[in-house]
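What follows is a single structure, written as structure tokens, with notes after it.
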Amino acid sequence: MATTPEKKKRTIYTTPKGESLFARLVNVDYGTEQYPDEKGSFNVTLALDADAAAKLDSLIAHEVDTARAEAEEKFDGLKPQTKKKFGEVKFNEVGPEEYDREGNTTGRRLFRFKTGAFYENRQGVRVQRKVPLFDSMQQPVKLSDEPGNGSVIRVAFCCAPYFVEGQGMGGLSLYLDAVQIIKLNTYGERSASDYGFGAEEGGFTSEDTDETASPNVAETADDVPQF
């Protein structure tokens with residue numbers, strides 16, 4: 001009797017701490033009108049500084065090497081006219097650089113993690129997946145809204161290579177498994193950098209006063225332009 005080949009279990013990795021961007025971990029993301037995601041997904045982009053990105057590179061280096069080798073092998077198996085059209089295999093590097101609005105590199109790299117929002121169970125029933133979320137003390141947590149940009153998180157993920165024959169392109173997908181939220185920003189909350197402010201050494205810090213950093217609305221309302 002024929003036996004079904006055992007499915008290879010993927011290794012689960014954990015990223016260094018980084019900044020959460022454009023998180024969709026609570027509500028299903030169906031994309032935009034221009035870039036629809038018809039099947040729905042959960043996803044998050046993790047911004048890492050150079051040192052943290054280097055640690056993640058080292059952690060998954062063999063996964064990247066395997067994906068690159070598989071892409072080259074599948075490219076070699078394409079029809080001669082197709083290979084001639086593309087010239088050589090294209091490989092999407094994991095974690096592209098981040099650019100600011102002026103087109104300058106920020107020194108950070110962006111890693112995108114994604115998983116399908118739905119799956120089919122053994123009974124053939126379509127079930128919505130839940131992304132496990134944990135707080136800084138490793139306790140499960142439920143959120144009513146998405147973590148805002150600037151939240152500090154770690155991501156648990158696994159890897160899978162891919163190859164797109166029609167584009168002669170390969171790469172490595174980072175599949176979202178779970179997220180630990182170390183510092184939570186309210187959704188929609190903006191950071192100082194969002195307003196164009198930079199850090200200044202030796203200046204005033206929040207530790208110099210016991211007063212709240214938020215402006216008093218009653219004192220400033222007349223100075224705020226009304227639209």
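The values are calculated or read from the model by the stated rules, or taken from the named source; none is laboratory data. Bear in mind the structure is a predicted one, so any value in this text is a computation, not a measurement. Methodologically, a virtual Cβ is constructed for each residue, glycine included, from the backbone with ideal geometry; neighbour enumeration extends over all protein chains shown. Note: accessible area is taken over every heavy atom of the protein model, side chains too, but ligands, DNA and RNA are not part of it. Shrake-Rupley method; radii C 1.70, N 1.55, O 1.52, S 1.80 Å.
Of all residues in region 73-86, those being out of contact with any Gly (no Cβ under 8 Å at 6 or more places or on another chain) and either part of a helix (DSSP H, G or I) or at positive phi (or both) number 5.
The single condition from (1) among the small types (Gly, Ala, Ser); (2) open to solvent by 80 Å² or more (accessible area, probe 1.4 Å); (3) more than 23 Å from the chain's Cα centre (by Cα) that Gly77 fails is (2). Screening Tyr187 against (1) assigned to a loop (DSSP other than H, G, I, E, B); (2) aromatic (Phe, Trp, Tyr); (3) surrounded by 16 or more Cβ atoms within 10 Å (Cβ to Cβ) leaves a single unmet condition, (3). All conditions in (1) crowded, with 18+ Cβ neighbours inside 10 Å; (2) on the phi > 0 side of the Ramachandran plot hold for Cys159, with the sole exception of (2). Taking region 31-71, which residues are touching a residue at least 12 places away in the same chain (Cβ under 8 Å), in a strand (DSSP E or B) and not hydroxyl-bearing (Ser, Thr, Tyr)? Correct list: Lys39, Gly40, Phe42, Asn43, Val44, Leu46, Ala47, Leu48. Give region 11-26 a look and list any residue that's in contact with a Lys or Arg (Cβ under 9 Å, 6 or more places away or on another chain), open to solvent by 40 Å² or more (accessible area, probe 1.4 Å) and part of a loop (DSSP other than H, G, I, E, B), or say none. Answer for region 11-26, where residues must be in contact with a Lys or Arg (Cβ under 9 Å, 6 or more places away or on another chain), open to solvent by 40 Å² or more (accessible area, probe 1.4 Å) and part of a loop (DSSP other than H, G, I, E, B): just Lys17.
The residue list Asp65, Asp29, Asp49, Asp57 contains one member that is within 23 Å of Ala156 (Cα to Cα), open to solvent by 30 Å² or more (accessible area, probe 1.4 Å) and in contact with a Gly (Cβ under 7 Å, 6 or more places away or on another chain), which is Asp49. In this entry, Glu98 is excluded by the filter for residues that are under 26 Å from Ile60 (Cα atoms), free of Cβ contacts under 8 Å to residues at least 60 places away in the same chain, acidic (Asp, Glu) and part of a helix (DSSP H, G or I).
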